[in-house]
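Presented below is the structure to which this report refers.
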Amino acid sequence: MAMYNRVTGIFTSLVLIFLNGGSLFTVATSKRMEKRIKVMLIGHVLTDFGVGLTMLCYVLSIVYQLETMCHFSSYFLFILGVITSLMAILQTLDRFLVLRITYKYTEWITAKKMTIIVMSIYTVSIAAFFGMFVTGYEPGAYCHAYLSGGKIGYILSSVFFTVCIIAICGMYVYIGKEVRRLQKAIPTTDGSSNTTFSADNIRTMVTMAVTALLYTLCYIPMVIFMYNMVLFHWENRFQYIAVNWLFDYLSGVFYVANSIFNPIVYIWRLKKQRNHCRRLFGRCCSNSVAVDHEERDIPNNQITTGNTKSSHSTKKTSNDTVQVFTA
């Protein structure tokens with residue numbers, strides 16, 4: 001069983017590195033993606049790539065019995081979970097603000113500000129990691145994801161992940177209601193009633209909702225396991241983990257699965273990502289085939305909110321259109 005876990009752990013970490021490394025490369029080299037969105041996606045994908053590298057170090061430290069490296073990897077996996085949670089909050093907040101401050105959004109949320117936010121998330125999280133590691137792990141701590149830290153640390157982690165999950169779910173409840181309201185309220189350019197968003201706008205919202213849902217589902221088992229261990233079984237936590245080894249194993253699987261699902265969702269749902277992958281791997285369509293709408297000069301990520309003429313509807317962004325996230 002131990003050998004099986006090690007082999008699957010190494011294989012999974014290599015899959016994570018490959019998927020997220022490829023996704024990171026396609027996002028970073030894409031010239032058609034909006035800079036603000038590119039910064040946000042790079043921050044998220046880079047975190048998932050870090051999960052793959054750290055997981056590989058964690059498995060190798062167990063194989064070669066490197067205690068310091070094992071505790072280092074365990075702590076860093078937790079910190080990457082914190083960064084993933086904050087990036088999920090950032091993506092959800094991005095969708096939330098698009099609907100709350102529609103006309104001022106592009107002025108307030110710029111690529112420079114988004115870069116500062118992402119860098120701040122990484123800086124604070126990594127500083128917390130080194131502070132936690134330098135102070136030393138609890139005496140008697142074992143090389144295990146749930147046994148390397150103290151009780152207070154696991155309580156704070158559980159509360160933090162719980163708050164993130166609740167915040168994301170709450171914002172998406174509002175987003176869902178607001179989208180339905182706008183579907184019925186927004187007129188078309190000819191003055192007729194429009195009951196639906198464009199396909200791109202719907203696709204964007206669904207993509208972000210899918211990533212938020214995956215984050216919630218993948219982190220809930222870990223949070224439940226930590227709450228149960230800290231509140232009811234802390235004194236005999238070694239025995240608790242040994243008895244509930246399957247729950248322990250599945251919570252780790254779901255935690256890692258979130259980093260596997262994200263690049264797949266990005267490539268599957270976002271057309272510009274998918275087309276850029278085709279270009280990079282030489283699988284793009286021939287020149288005789290009509291180009292997709294994201295290859296054209298006219299932007300397609302706008303919601304018409306006034307009775308404007310079609311010839312001008314793609315040129316105005318402050319009064320007549322709202323740019324939304326369609327990477």
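The values are calculated or read from the model by the stated rules, or taken from the named source; none is laboratory data. Nothing here was measured: the structure is a model prediction, and the numbers come from that model. We place every Cβ from the backbone using ideal geometry, glycine too, and count neighbours over all the protein chains shown.
What are the residues in the stretch 99-110 that are under 15 Å from Glu34 (Cα atoms) and either within 20 Å of the chain's Cα centre (by Cα) or touching a residue at least 24 places away in the same chain (Cβ under 8 Å) (or both), if any?
Tyr105, Thr106, Ile109, Thr110
Just to be sure before I move on: is Met87 under 30 Å from Tyr4 (Cβ atoms), assigned to a helix (DSSP H, G or I) and not small (Gly, Ala, Ser) in the structure I sent?
No, not satisfied.
All but one of (1) out of contact with any helix residue (DSSP H, G or I) (no Cβ under 7 Å at 6 or more places or on another chain); (2) farther than 23 Å from Met87 by Cβ; (3) β-branched (Val, Ile, Thr) hold for Ile241, so report the exception by its number.
(1)
Which residue pairs have Cβ atoms closer than 7 Å, lie 6 or more positions apart in sequence or on different chains, and pair a first residue in the stretch 36-50 that is among the charged types (D, E, K, R) with a second residue that is assigned to a helix (DSSP H, G or I)?
Cβ pairs passing all conditions: Arg36/Ala111; Arg36/Met114; Lys38/Val27; Asp48/Leu16; Asp48/Asn20; Asp48/Ser259; Asp48/Asn262; Asp48/Pro263.
Out of Ile121, Ile168, Ile175, Ile116, which single residue is within 16 Å of Phe76 (Cα to Cα), among the β-branched types (Val, Ile, Thr) and either buried (at least 18 other Cβ atoms within 10 Å of the Cβ) or modelled with pLDDT of 90 or more (or both)? Steps first, please.
Working: Ile168 fails: within 16 Å of Phe76 (Cα to Cα); Ile175 fails: within 16 Å of Phe76 (Cα to Cα); Ile116 fails: within 16 Å of Phe76 (Cα to Cα).
Selected residue: Ile121, the only one of Ile121, Ile168, Ile175, Ile116 that is within 16 Å of Phe76 (Cα to Cα), among the β-branched types (Val, Ile, Thr) and either buried (at least 18 other Cβ atoms within 10 Å of the Cβ) or modelled with pLDDT of 90 or more (or both).
Under the condition of being in contact (Cβ under 8 Å) with a residue 24 or more places away in the chain and among the β-branched types (Val, Ile, Thr), which residue from the stretch 225-263 is farthest from Lys38 (Cα to Cα)?
Only one residue fits best here, namely Ile241.
Taking the stretch 16-68, which residues are in a loop (DSSP other than H, G, I, E, B), of a type outside the set (A, V, I, L, M, F, W, C) and more than 19 Å from Leu93 (Cα to Cα)?
Residues satisfying the conditions are Ser30, Lys31, Arg32, Tyr64, Gln65.
Could you please give the count of residues in the stretch 78-108 that are at pLDDT below 85, within 26 Å of Ile166 (Cα to Cα) and surrounded by 16 or more Cβ atoms within 10 Å (Cβ to Cβ)?
6
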